[in-house]
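Visitor: Once you've had a glance at the structure underneath, I'll fire off some questions.
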Amino acid sequence: MHILLRGRDIKNIDQLDVYEKHDGFVGLKASLAMTPAEVIDQVKASGLRGRGGAGFPTGVKWSFIPQHEPVKFVAVNADESETGTFKDREIMEANPYQLIEGSLICAYAIQAKAIYIYLRGEFWDIGDQLDECIERLRAKGYVGENILGSGYDCEIYTHLGAGAYICGEESAMLNSLEGYLGQPRVRPPFPAQKGGGLYKEATVVNNVETLTNVPFIMREGADAFKAIGTEQSAGNKIYCVSGHVKRPGNYELPMSTTFRELLYDHAGGPLHDDRPFKAMLPSGGSGPIVPLTDEVLDTRMSYEDCADIDTIIGSASIIVMDETVDMTWVASKVTKFFEHESCGKCTPCREGTYWLDKVIDRILDGRGTPEDVKRIADVAENMQGTTLCALGDFAANPIIHTIRRFPDDFAQHVQGEAAAGD
Amino acid sequence: MAIIGNPKYQERIQHHLAKYETKRSAVMPLLYIAQEEYGWVNPEGIGEVAQILDLDPTQVKSIAGFYTMYSEKPKGKFWLHVCTDLPCALKGADDFYAWLKDELGVDDGGTSADGLFTVEHVMCLAACDKAPMLQCNFRYVEDLDQDKMRDLLAKWREEAAQPVSG
């Protein structure tokens, strides 16, 4: 059953009348009949965790907002830019009203003045589509003053980014919304605190997929949501599968599903039958790479089970690679991504990604030495924990874990005559 | 050419100014309008955006420089942004992009001799299951191969040859 990708089950659910006919805004109406604190309690009880990557409990995040502050905001993170991630795009294209309903419920729960949906600039058409949705909703009293006669007022706006991965980081996104460079802020204060959010007001920043779960929780109850998935990872998750599988795409499955079921039953197994799987990045470029062993394949795709195999499920951007893929090349590709996307604010990330890229290119060219492999591992380790945001850590991950888990792939480039240097 | 006083943009500019708490917040949408008017983010456009928002042109220029979707130099009519990031590369995007550059006789970032196509490799565009893919003027074009791309180039060349209407 789809909770999120309902566009697959219900034709034209991207049309307001169709959405309304299929339980649309039942969750919002139920929320408006409750106190904001009761809404937060229900989302807390559901066990919903943030789907952008960090997995932070959503209701707990909402409860951090100081209710006495007169001005508060919701910022919807639709900047979807992690390598291998394409789930929020399908939600917004095929089921946009559910995202808006979830955003309105969040806004009511924290009594926000307005919602800003921050879309990556390349989602130009989705921005137009959402703007049209918002105007239709306004005409029917779902947006604006006195929403559905509740006395609660809230505006919704879209904002287009312009090509910067870093704006998916919450404090960089807020800077970008304010018209500054999209660079992370020093925390504390955190976005949920006065002084740390949008226009220095307390702000909830939630991912598209996270908020799109909320109408179900408010309509069907916290227990119905909690019944899906695992104890610590409630609900469904959209797994974005790309790379060497027969059927790449989005798969919405309970978080108790194993990688084996996803990659074989749903994604059809290896793209070429004679080339077995070698490895996967389960969380795009950011998370630790893992070899696709039987143990890994039989792991459930939950927050807690992925920790047991020393990786993260994160945004669930599962990039699959078969036995023909050289992990040194993978490390190079991912490093180029982070070198390009580093915002330049923190020295370890800005300089680290630049030099990692240079040295890996040298290794790939056959001009590297075994010391170069040690050097990049050392540089990467020194980037971890030394930057204002997680990008520095993310950029270190592909180096540290490809070297640790696929040492032979690096060794083959730095042995023999080439290793003697030139 | 101008943004200020141009009836084509007034409604959109007012919409953007109204939706934020500060004028400065409208800098990104206004830069897109400048880019639409001039074909790139040129000094005139930067000056006008600065004037509308009561900012210094240097502040506006720093924003234009930070974000990759604002072009600080003139480009062709069609901007082809080809994803060569890991998921697309696993499905042949590097080879596809090398072929496309050859086909158009350009290097990365270059513009074809007829002035129509500017090509650039870009990072993940959220279409990994439909690789190889690109965006043409920020619109998705997916599940590409050489045949399909040749047809598209022909179609776009034809479009460009049509007299401009409206």
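The values are calculated or read from the model by the stated rules, or taken from the named source; none is laboratory data. Computed from a predicted model, the values in this text were never measured in an experiment. Using ideal geometry, Cβ is built from the backbone for each residue, glycine included, and neighbour counts are taken over all protein chains shown. The accessibility values were calculated without ligands, DNA or RNA, using every heavy atom of the protein model including side chains. Shrake-Rupley method; radii C 1.70, N 1.55, O 1.52, S 1.80 Å.
Visitor: Taking a ≥ b ≥ c as the square roots of the eigenvalues of the Cα gyration tensor of the range A:6-226, is the shape rounded (a/c under 1.5), prolate (a/b larger than b/c) or oblate?
Guide: Cα axes put the range A:6-226 in the rounded bin.
Visitor: Of the listed pairs A:K21/B:K91; A:K358/B:K148; A:K87/A:K140, which have alpha-carbon separations greater than 31 Å here?
Guide: A:K21/B:K91; A:K358/B:K148
Visitor: Take chain A, connect every pair of alpha-carbon atoms lying under 10 Å apart with a spring to form a Gaussian network, then pick out the residue of A:Y142, A:Y354, A:Y116 with the largest mean-square fluctuation.
Guide: Per the Cα network of chain A with a 10 Å cutoff, A:Y354 tops the list.
Visitor: Which value, in debye to the nearest 20, gives the size of the charge dipole of the range B:78-161 about its Cα centre, when Lys and Arg are +1 and Asp and Glu are -1 at the Cβ?
Guide: So the magnitude is around 200 debye.
Visitor: How high is the FRET efficiency between B:A98 and B:C136 when r is their beta carbon distance and R₀ equals 22 Å, given to the nearest 0.05?
Guide: So, using R0 = 22 Å, E works out to roughly 0.75.
Visitor: Projected area of the range B:94-166, taken from the Cα convex hull and averaged over every viewing direction, in nm²?
Guide: Working: hull surface 21.6 nm².
Its Cα hull, projected and averaged over all orientations, spans 5.4 nm².
Visitor: Could you check which residue among A:F338, A:F56, A:F25 shows the biggest mean-square fluctuation in a GNM of chain A with a 10 Å Cα cutoff?
Guide: A:F56
Visitor: Another question about this same structure. Compute the relative contact order of the range A:93-227 as a whole-number percentage, counting only Cα pairs closer than 8 Å that sit 6 or more residues apart in sequence.
Guide: The normalised contact order for the range A:93-227 reaches 23 percent.
Visitor: Further question on the same structure: Please report the equivalent ellipsoid semi-axes of the protein assembly as shown, computed as sqrt(5 x eigenvalue) of the Cα gyration tensor, largest first, in whole Å.
Guide: After scaling each eigenvalue by five and taking roots: 36, 31, 24 Å.
Visitor: Still on this model: Work out the charge dipole of the protein assembly as shown with +1 on the Cβ of Lys and Arg and -1 on the Cβ of Asp and Glu about the Cα centre, then indicate which of A:G287, A:P270, A:V214 is farthest towards its positive end.
Guide: A:V214
Visitor: What net charge do the residues around A:E304 carry, taking every other residue with its C-beta under 12 Å from that of A:E304, with Lys and Arg at +1 and Asp and Glu at -1?
Guide: Numbers: positive: A:R49, A:R300; negative: A:E231, A:D305, A:D308.
Here the charged neighbours net out to -1.
Visitor: Using a simple charge model, +1 on the beta-carbon of Lys and Arg, -1 on the beta-carbon of Asp and Glu, nothing else, what dipole does the range A:327-420 show about its Cα centre, in debye to the nearest 20?
Guide: Computed about the Cα centre, the dipole is about 160 debye.
Visitor: For a test of the definition: using alpha carbon positions, the gyration tensor, and the 1.5 limit on a/c, classify the range A:276-422 as rounded, prolate or oblate.
Guide: In terms of gyration-tensor shape, oblate.
Visitor: Summing -39500 (n - 2.57) over the DSSP H runs of n ≥ 4 in the protein assembly as shown and dividing by its residue number, what mean residue ellipticity at 222 nm do you reach, to the nearest 500 deg cm²/dmol? Mind dumping the intermediate values first?
Guide: Working: 24 runs with 250 residues, N = 588.
So the helix-based figure for the protein assembly as shown works out to -12500 deg cm²/dmol.
Visitor: How long is the range B:1-136 along each principal axis, judged by its Cα atoms, biggest number first, in Å?
Guide: 47, 32, 26
Visitor: Whenever you get a sec, compute what percent of the accessible area on the range A:327-420 sits on carbon and sulfur atoms (1.4 Å probe). Intermediate results must be reported in sequence, preceding the final value.
Guide: On the way: 2040 of 4130 Å².
That fraction is 49 percent.
Visitor: Okay, moving on. If you count the DSSP beta bridges with both ends in the range A:236-322, what percent of them are antiparallel, to the nearest 5?
Guide: Bridges in the range A:236-322 that DSSP calls antiparallel: roughly 70 percent.
Visitor: Among the DSSP beta bridges whose two residues both lie in the protein assembly as shown, what percent are antiparallel, rounded to the nearest 5? Each step should come with its number before you reach the end.
Guide: Values: 24 of 54 bridges.
Taking every DSSP beta bridge with both residues in the protein assembly as shown, the antiparallel ones total about 45 percent.
Visitor: In peptide B:61-69, what is the residue-averaged number of other protein chain Cβ atoms found within 10 Å of each Cβ?
Guide: Mean partner shielding for this stretch: 5.
Visitor: So, R0 is 22 Å and r is the distance between the beta-carbons of A:Q111 and B:E21; what FRET efficiency does that work out to, to 0.05?
Guide: With R0 = 22 Å, the Cβ-Cβ based efficiency is 0.85.
Visitor: Considering the options B:T58, B:M69, B:S25, tell which one lies farthest towards the positive end of the dipole of the range B:24-89, charges being +1 on Lys and Arg and -1 on Asp and Glu at the Cβ, about the Cα centre.
Guide: It is B:M69.
Visitor: To the nearest 10 degrees, how steep is helix A:347-364 against the longest Cα principal axis of chain A, on a 0 to 90 scale?
Guide: With both axes taken from Cα atoms, the answer is about 40 degrees.
Visitor: Using only Cα atoms, find the angle between the long axis of helix A:36-46 and the longest principal axis of chain A, and express it within 0 to 90 degrees, rounded to the nearest 10.
Guide: 40 degrees
Visitor: With springs only between Cα atoms under 10 Å apart, run a GNM on chain A and tell me which of A:V325, A:V74, A:V204 wobbles the most.
Guide: Evaluated over chain A, the most mobile residue of the options is A:V325.
Visitor: What FRET efficiency comes out for A:H68 versus A:Y354 if R0 is 45 angstrom and r is the Cβ-Cβ distance? Round to the nearest 0.05.
Guide: Numbers: r = 46 Å, r/R0 = 1.02.
Once the sixth-power term is evaluated, E becomes 0.45.
Visitor: Size of the dipole of the protein assembly as shown about the Cα centre, Lys and Arg at +1 and Asp and Glu at -1 on the beta carbon, nothing else charged, in debye to 20?
Guide: Details: 58 positive and 88 negative charges, 288 e Å.
With Lys and Arg at +1 and Asp and Glu at -1, about 1380 debye.
Visitor: Please give me the summed charge of the neighbours of A:G163: other residues whose Cβ is under 11 Å from its Cβ, Lys and Arg +1, Asp and Glu -1. List each step's numbers first, then the result.
Guide: Working: positive: A:R120; negative: A:D79, A:E122, A:E341, B:E120.
Around A:G163, the surrounding residues sum to -3.
Visitor: If we count every other residue with Cβ under 13 angstrom of A:E339's Cβ, Lys/Arg +1 and Asp/Glu -1, where does the sum land?
Guide: Once positives and negatives cancel, what remains is -1.
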